[in-house]
Amino acid sequence: MKSQFPQDFIWGTATASYQIEGAAEVDGRGESIWDHFSRMPGRVVNGHTGDVACDHYNRYAEDVKIMAELGVDAYRFSIAWPRIFPEGKGKPNAKGLDFYQRLLDELEKHNIRAAATLYHWDLPQALQDNYGGWVNRDVALYFRDYAAYVLERLGKRLFQVITINEPWVAAMLGYAFGVHAPGIRDYKAALHASHHLLYGHGLAVQVYRELGLSGQIGITLNLTPFYPRCDDPRDADAARIVDGTTNRWFLDPVLKGRYPEDIVEWYKSRDMMVDLPADDLKVIGEKSDFLGINYYSRGIVGHSDDDPRGYKQFSPDSPVTDMGWEVYPTGLYDLLTRLTRDYGSIPLYITENGAAYPDVVEDGRVHDKERTEYLQKHFEQAARAIADGVPLKGYYVWSLLDNFEWAFGYTKRFGIVYVDYDTQKRIIKDSGLWYRDFLKG
Ligand code: FCB
């Protein structure tokens, strides 16, 4: 199947700083909103925190070696803002940056290309305490300063830079629904946060251009295709709204330089719209080199008279992963072809795709057949999209390691490599071995 992908296609694995690094108080790292949030009683399953996680901060060399064994071309990781600026701004912490230099040394030794995400949700807590986090426009400016500091020093070593990971999740789960850090429940605040995350993205793209860096920069969005429940036009309308609030609300500003008019109207009609400075859209719409896509599943939407929003999501009867997410590989094909149809030929990367299953170790092996099947079927749909003309350039499997799955703590395992959290021993799962063989062609 590998031969169905272009020769220069990039195959990788992905992680994020707070989910794997641990070493929360080492070498001058400041507190992040996830350190703070995970300590609030009842917010994370079993009170788990990222204090130790996969201890990747100390074991990065071993982890890079595993990647080399798998034979990946590239590694997507994220840089922890509070390691670089413990207070979010002001005085940088050289030791924090050194860690990423060491990681890059190791990757280069093994010829693995580096793709760095600048923001994968670990906002310095000081920016939350003193400014209200992403609700405040100034935080986007501090993000730009942090991005400039990192890109000046590491930029040349990064083949790909992802500005912001999943602004919908960061804004909505963090500021509207309160299930992610910082745990706020205020929809209007979340709309401001979404705008400032996008503004921060645009500012970072500008910085990248000013520095004359020759790699690629873009944003990663969590994109979910939504399908109407039945043939009823009211269901189609419901699907349009949900697609609008979750997908187009981010795609349109970044790739077209404007918010989707139908959704602005919809928010206004519900008194949910906030003032978003139109001038910022020029910055947000700065030309990106690629679009990163995190795809896990689809959604099914129907109209509903009893729901105040006028619609509801429905669950399908098909198999689901340990997250309760439906396994729906065709959705990836639909999504990729739709993006090319609606947004033109911008290069696309799948920056995350993978599945959680309740793995067990048997005689030193992990037989995660379902995860292998999940990956295989999604690879097939990606190949199909490429055959139909979609400029898909790379694919990062989520995740290299089992890790801290946000509000679910360590109870959900997404890795193609198993982590025994008591001993920190790594075991390449059957899915990882399958990926290795796939990569060998
Ligand atoms: C995405 C996140 C990533 C991981 C996966 C399962 O929303 O970007 O960190 O938690 O989901």
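The values are calculated or read from the model by the stated rules, or taken from the named source; none is laboratory data. Everything numeric here is computed off the predicted structure, so don't read it as measured data. Ideal geometry is used to build each Cβ from the backbone, glycine not excepted, and the neighbour counts take in all protein chains shown. Please note that ligands, DNA and RNA were not included when accessible areas were found on the heavy atoms of the full protein model with its side chains. Shrake-Rupley method; radii C 1.70, N 1.55, O 1.52, S 1.80 Å.
Some observations on this one:
- Alpha carbon centroid spacing (whole Å) that separates the range 371-441 from the range 31-58: 23 Å
- Distance in nm between pseudo-label sites at Gln376 and Thr337 (7 Å out along the Cβ direction from Cα): 2.4 nm
- Solvent-accessible area of Ile10 with every protein chain in place, 1.4 Å probe, in Å² to the nearest 10: 10 Å²
- For the range 154-252, applying the loop criterion from DSSP together with a ceiling of 14 other beta carbons within 10 Å to the trypsin sites (Lys or Arg not before Pro) yields Arg185.
- Cleavage-rule hits, trypsin sites (Lys or Arg not before Pro), the range 287-377, DSSP coil, Cβ neighbours within 10 Å at most 15: Lys287, Arg309
- Met172, Met273, reordered so the largest accessible area comes first (probe 1.4 Å): Met273, Met172
- Charge context of Tyr175, other residues only, Cβ under 10 angstrom, K/R +1, D/E -1: +1
- Loop-located chymotrypsin sites (Phe, Trp or Tyr not before Pro) in the range 48-138, at most 12 other Cβ atoms within 10 Å (DSSP): none
- Within the accessible area of the chain (1.4 Å probe), percent carbon and sulfur: 47 percent
- Å² per residue, accessible surface of the chain at 1.4 Å: 38 Å²
- The range 2-440, dipole about Cα centre (Lys/Arg Cβ +1, Asp/Glu Cβ -1), debye to the nearest 20: 860 debye
- Shown here are the Rg and Dmax of the Cα trace of the range 170-298, at 15.7, 52 Å.
- Alpha-carbon spread of the chain, three principal axes, descending order, Å: 54, 49, 46
- Placing unit charges on each Cβ (+1 for Lys and Arg, -1 for Asp and Glu) gives the range 2-440 a dipole about its Cα centre, and among His110, Phe314, Ile416 the Cα reaching farthest toward its positive end belongs to His110.
- 3J(HN,Hα) from dihedral phi, the range 81-86, Karplus parametrisation 6.51/-1.76/1.60, rounded to Hz, x for glycine, proline: 3, x, 7, 7, 10, x
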